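A short reminder: the numbers here are calculations on the coordinates, not readings from a lab. Keep in mind that this is a model prediction, so the values were computed, not measured. Cβ atoms come from the backbone with ideal geometry, glycine included; neighbour counts cover every protein chain shown.
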Amino acid sequence: MSRSQPADSFGLEATPAARILVMGAMLIGGLLAVTVVVSVSAAAKKEKALARLALELPLAREDAGYVSSNACQSCHPGEHASFHKTYHRTMTQPALPDTVAGSFDGTSVMSDGLEYRVFRKAEEFWAEMPDPEEMMYVVQGGKPLPLDKIPRVERRVVMTTGSHHYQTYWASGADKYGNLLQTLPLIYLIKEQRWIPREEAFMKAPHDRGRMITQWNNHCINCHSTGGNPGLQKTTREGGFKTAAGELGISCEACHGPGEEHIRVNRNPLRRYGLHGGSQEDSTMVNPAKLDHKRGSQVCGQCHGVYIRTDAHGMKFAEEGEPYRPGDDLNETRYYIRYPQRDATPIEREEFAKNPAFFAERWWEDGTVMAGGREYSGMSVSACYTRGEMSCFSCHSMHDSDPADQLKKGGATNGACVECHGQPEYTTEVSRHTHHAVGSSGSECMNCHMPHTAYALFSAIRNHQIESPDLDASAHLGVPNACNLCHLNKTLEWTAEAMHERYGTPKVELNEEQREVSAALLWMLKGHAAQRVIAAWHTGWKPAQDASGSDWLAPFQAQLLDDPYGVVRYVAVENLKALSGFEDFDFDFIGPENERREKIGEAIAQWREQGRGGEGSGRSELLLNDDGTVDEARLRQLLSERDNRPVNIKE
Amino acid sequence: MAKKVTPAAPVKSAEQLVFRHLLIGWGGLVVFILLGIFLEMLHGLKLDLYLDVRQETRRLMWILAHAHGTLFSLVHLGFAWSVRFASRWVASPGSGIRSASWMLTAGLIAMPLGFFLGGIWTYGGDPGIGILLVPIGAVLMLIACLRVLIELATIRSKSAASFLHPSDV
């Protein structure tokens, strides 16, 4: 038999079609091989980078039964997935290309007069900065040296904190101190995609700052990692740390307890199915939502509260890590600090007298919490908690919620409150109680009983100390109240009248200003920094704008563009830009002082050009003249009386 | 010259067995391809009951039900072919083949059903109690395969001298 075409090695007749097929197959095979090689090499590269990084990071904790969230995933995929979406998980991460938000592009940022330059070396993140250990000695008074003479060093940035609003970074410390992590005093604002010095991100009194030096190992580790152990080495000459953590970030075991024993015993399927079928709880794992409301809330309170460790546990924490485990009584190892209110104990009063600054940084003068992130401290003195059974889980959920606030479905509505407060005046006839229209923001329980009077992260946040508006506290202690934070254009006198008429609240004694000028304006113009930032934030709050109008706000927001506190300026300009016509207002809240001052005039001129003043014209309580212009004399007078007491909120 | 062997005439019981397994095999393919289409539909409609990350166990169980059902249906077709092939040398299927027949049938029901039921009610990463059918089905399938293997080996040894390639027959 004659063959017109020779057979190839595949035994196919070498027709053109067959050749194309063979070549196509080889091409596809080649592409697949390249893809596999590239993927494997990328994975290997990442592994290698992580391995190098691991030498600088906290060690993996091998004691205390921590196993990390990876071990939970296979049996609890849903819970792991919902946890994985949270900002709790990404609170602390190794500094890798996919976790670092900041642009390490050679930018130099000045922090308190010293330069910090951030840059990359391939996949690694670095900072050129004053030697942080030298800085520590100098600032703590151990070495007399001008700060600008501190030698400059290059340090690798190994870890990040934060991933939601902003991110900050940790650089490796000198080897002799173990795995010490030193702060890089810069913050990267994620929304704005820009660097700012750390001191501008916190509410710190400009003339009362001191250099912000922090070591992650003995401070942040407590709430920014799971099962953190500072591992302070008292025995070595230099001290130093052998810091370890169950996991970086706040993960499963932070709330459920160490999982080693749970995994070990549940390898037995008979045990697992026995638990699935029965009503008995698994004794090897804590479910905070199934604890009683106090113990359950303490799981959150281990971080979201103000406390000090008892003497017996202070040094133990530094050497061995946190002794508290979910389900324990927090009060056994810590002392939760309460603001000395009416029923204060003598010890509480003594503490207050000894540390007034400590209290001033965290509470308003009536004892309501001022610093964000201390929600447990606020809630735990509220009647809903002390007399009722309210817990964090009444409104929040870690696994069935939006990661932004971890509010469960309905958690931000009246539904959460009427679970207990089921009387008609709180449910079907709510207007009878609120004196606001059904469905309006004034009929939302939280707007009156949990106003945004706490501050953190460039924002006012809801106070978790659940109380009714207290005019007396507003008038005499300067605590902003819910009514005037919504009715920005009303005086305290107006509020006092309304409260008296509607709720029979005794009338409070007010001074002339409080009777004549809008309370919100008083807080913005002559209040202290916390009052200013809270009032400024409300100028952009939609319910407040709906209730008060927004046409008249700009000239007063503009006065805060030159505020001594960076966070006040930030909040002011953000809310100014939220007004119609100011969307493109160009203002750098950390720009030079003279430019900031000029911008005040610019904003007011823009407001005049737009013919604003609107419904506020002629209303003296809004400092507006009949022609809609600002009563400059009164404005200047209030600004000159500004309360310049130092305010520090470390959030 | 190889001795030509006249194959044993197929007996009725072998034919019945072949026919039964052809029916089961093709019938199983219909059922489990339908299950596959159902799963594709759940993907197409993006239904949380199947695609939500919390339903990972259900998804795995139902995929396994589909895969095992389809594969075991093919095994039934293979079994039918094996019986037909063996009937050339033996008058009627031995007890091993007969027991394998019902074990394969029980296995085809038990394993995919176990996976499917296990996926209906789940406990996190643990499937529902229906999963207990799976090991039963798996053991039945294993024993069935062993029985077939042993039966074929026995037939081969008995007819070693005359065991020719079918093409030579």
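Pairs exceeding a 30 Å alpha-carbon distance, out of A:K577/A:K650; A:K542/B:K46; A:K204/A:K542; A:K46/A:K85; A:K290/A:K542; A:K204/A:K577: A:K542/B:K46; A:K290/A:K542.
Normalised by the residues of chain A, what does the relative contact order come to in percent, with Cα pairs under 8 Å and at least six apart?
Values: 1093 pairs, mean separation 67.1, N = 651.
Averaging sequence separation for qualifying contacts and normalising by length gives 10 percent for chain A.
Here A:K48 is the anchor, and the aspartates and glutamates within straight C-alpha reach of less than 17 Å, apart from those fewer than 8 places off in the same chain, are A:E56, A:D98, A:E123, A:E124.
Here chain A was treated as a single set of alpha-carbon atoms; its pair distances binned every 20 Å from 0 give 16, 45, 29, 8, 3, 0 percent.
Dividing the summed -39500 (n - 2.57) terms of all DSSP H runs of n ≥ 4 by the residue count of the protein assembly as shown sets its mean residue ellipticity at 222 nm at -13000 deg cm²/dmol. Per residue of peptide A:71-80, the mean number of Cβ atoms on other chains within 10 Å of the residue Cβ is 5. Between the C-alpha center of segment B:90-159 and that of segment A:346-380 there is a gap of 70 Å.
Once each part is reduced to its C-alpha centroid, what is the distance from segment A:108-136 to segment A:558-625 in angstrom? The two parts, judged by their Cα centres, are 34 Å apart.
Using 0.36 nm times the number of residues separating A:K316 and A:L145, minus their current alpha carbon distance, what extension gain do you get? Show your work: numbers first, answer last.
Working: separation 171, 0.36 × 171 = 61.56 nm, distance 3.42 nm.
Gain in length upon complete extension: 58.1 nm.
Of the residues A:Y376, A:I337, A:G178, the one whose Cα sits farthest toward the positive end of the charge dipole of chain A, with +1 on the Cβ of Lys and Arg and -1 on the Cβ of Asp and Glu, is A:G178. Roughly how many whole Å is it from the C-alpha centroid of segment A:21-41 to that of segment A:159-184? Segment A:21-41 and segment A:159-184 have Cα centres separated by 42 Å. Going from the fewest other Cβ atoms within 10 Å to the most, the residues A:V630, B:V30 appear in the order B:V30, A:V630. The distance between label points at A:L32 and A:A51 comes to 2.9 nm (points 7 Å beyond Cα on the Cα→Cβ vector). The lysines within cross-link reach of B:K158, meaning a Cα-to-Cα straight distance under 21 Å and a gap of 8 or more places when in the same chain, are B:K3, B:K4.
How large is the dipole of the protein assembly as shown about the Cα centre if only Lys and Arg carry +1 and Asp and Glu carry -1, each at its Cβ, rounded to the nearest 20 debye? Mind dumping the intermediate values first?
On the way: 83 positive and 96 negative charges, 1009 e Å.
Result for the protein assembly as shown is approximately 4840 debye, rounded to the nearest 20.
Computed from point charges on the beta carbon alone (+1 for Lys and Arg, -1 for Asp and Glu), the dipole magnitude for segment B:12-160 about its Cα centre is near 660 Debye. What percent of all Cα-Cα pairs in segment A:91-214 falls in each 5 Å bin, counting up from 0? Binned Cα distances yield the sequence 2, 11, 21, 25, 21, 12, 6, 1, 0.
If you take every residue apart from A:G246 with its C-beta less than 12 Å away from the C-beta of A:G246, what net charge results, scoring Lys and Arg +1 and Asp and Glu -1? Don't skip to the answer; put the middle values down first.
Values: positive: A:R61, A:R325; negative: A:E62, A:D63, A:E247, A:E253, A:E260, A:E322.
With Lys, Arg at +1 and Asp, Glu at -1, the neighbours total -4.
Near B:Y123, the amide H atoms lying under 5 Å from its own belong to B:G128; only residues 5 or more places off or on other chains count, and H is placed 1.01 Å from N.
Each Cα pair of segment B:1-136 feeds into the Kirkwood radius, which the Stokes-Einstein equation turns, at 25 °C and 0.890 mPa s, into a diffusion coefficient of 148 µm²/s.
If R0 is 41 Å, what FRET efficiency do you get for B:F19 and B:L45 from their C-beta distance, rounded to 0.05? My answer for the efficiency is 0.60.
Given the alpha-carbon gyration tensor of segment A:468-651, what are the semi-axes of its equivalent ellipsoid in whole angstrom, ordered largest first, with each equal to the square root of 5 times an eigenvalue?
Working: eigenvalues 135, 71, 42 Å².
Semi-axes, largest first: 26, 19, 15 Å.
Considering only DSSP beta bridges whose two residues both sit in the protein assembly as shown, what percent are antiparallel, to the nearest 5?
Details: 53 of 57 bridges.
Looking only at bridges with both residues in the protein assembly as shown, the antiparallel portion is about 95 percent.
Each residue, A:R502 and B:T154, gets one label point 7 Å from its Cα in the Cβ direction; the gap between the two is 9.2 nm.
Working from label points 7 Å from Cα in the Cα-to-Cβ sense, the A:E128 to B:A138 distance is 6.1 nm. Taking amide H as placed 1.01 Å from N in the peptide plane, the amide H of A:M159 sits under 5 Å from that of A:A95, A:W170, each at least 5 places away or on another chain. Listed by chain and number, the aspartates and glutamates placed with their C-alpha closer than 18 angstrom to that of A:K599 are A:D562, A:D563, A:E574, A:E583, A:D584, A:D586, A:D588, A:E609, A:E632; residues fewer than eight positions away on the same chain are left out.
Within a 10 angstrom radius of the beta carbon, how do A:Y188, A:Y177 rank from fewest other beta carbons to most?
On the way: A:Y188 24, A:Y177 20.
Least to most surrounded, the residues fall as A:Y177, A:Y188.
Taking other C-beta atoms within 10 Å as the exposure proxy, B:R54, A:R636, A:R569 rank A:R636, B:R54, A:R569 from fewest upward. Against chain A, whose longest principal axis is taken from its Cα atoms, helix A:529-538 shows a tilt of about 80°.
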